[in-house]
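Worksheet for the structure shown next.
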Amino acid sequence: MNKNKTDRKQNILLIGFMGAGKTSVGLKLSWKLRIPVEDTDKLIEKRTGKAISEIFRTEGEEAFREMETNLLREISKRPYRRILSVGGGTPVREENRKLLRRCGTVIYLRVRPETVYARLKGDKSRPLLQGDDPLGTIQRLMESRKEAYESCADVILDVDELSAEECATRLVGILEEEK
Ligand code: S3P
């Protein structure tokens, strides 16, 4: 195994749109690889003592985006290995994309808008999808983020037809090949 590559690619980062399954795939992967998993949304909620929707409501989206970037800056300096799932909007900022790539191997869980809509219909925890036309919002937002996701990914996995368990199994194989 190439040592430099291993050092730079220490962590495993899961990116993708809301509802792609980043959190559940992260948990399955953690179990299979025996590497601890963290989730940036959950870390932010724990540190602030507020739900993400409450942060959006009381402090605004920009404040939340700052929290995400600050957390990634911190994580990029850590010496130990983690699987990290990040919020769907994290790769939109260029600085975040650089930080993600610096942190490790970036895996993009790619999902179709219709799948997201079916999975998140009725969900109240995603402030960006609470309008009158959630499917239209998903389509527009996903289109606007497509390039950001793809440009920072080392690996792209299409997840629409896969369970979290199947995604994790495929990823274990892909990561093994990458070594
Ligand atoms: C967001 C995705 C959410 C959360 C916040 C904003 C986004 O995370 O960070 O609601 O901009 O796509 P999940 O992708 O885990 O749902």
Residues whose placed amide H lies under 5 Å from that of residue 104, excluding near-sequence neighbours
11
If you put +1 on each Lys and Arg Cβ and -1 on each Asp and Glu Cβ, how big is the dipole of region 89-179 around its Cα centre, in Debye rounded to 20?
440 debye
From the Cα centre of region 92-141 to that of region 42-85, the distance in Å is 16 Å
Describe numerically, in nm with one decimal, the distance between label points set 7 Å from Cα along Cα→Cβ at residue 132 and at residue 119.
2.8 nm
Do any of 42/121; 46/121; 121/179; 77/121; 50/146 go past 32 Å between their Cα atoms, and which?
121/179; 77/121
Value of D in µm² per second that Stokes-Einstein yields for the chain, Kirkwood Rh from Cα pairs, at 20 °C (1.002 mPa s)
129 µm²/s
If each of residue 54 and residue 170 carries a label point 7 Å out from its Cα toward its Cβ, how far apart are those two points in nm?
3.7 nm
What is the extension gain from residue 74 to residue 95, computed as 0.36 nm multiplied by their sequence separation minus the C-alpha to C-alpha distance, in nm to one decimal?
6.3 nm
Taking a point 7 angstrom from the Cα of residue 160 along the C-beta vector, which residues in region 110-127 have backbone N less than 12 Å away?
110-118
Please list, by residue number, everything in region 86-105 whose backbone N is under 16 Å from a paramagnetic label point 7 Å out along Cα→Cβ of residue 62.
93
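Here, each number is a calculation from the coordinates, and none is a lab measurement. The structure displayed is predicted, hence computed values, not measured ones. Quick reminder, even Gly has a Cβ in these numbers, built from the backbone with ideal geometry, and neighbours come from all protein chains shown.
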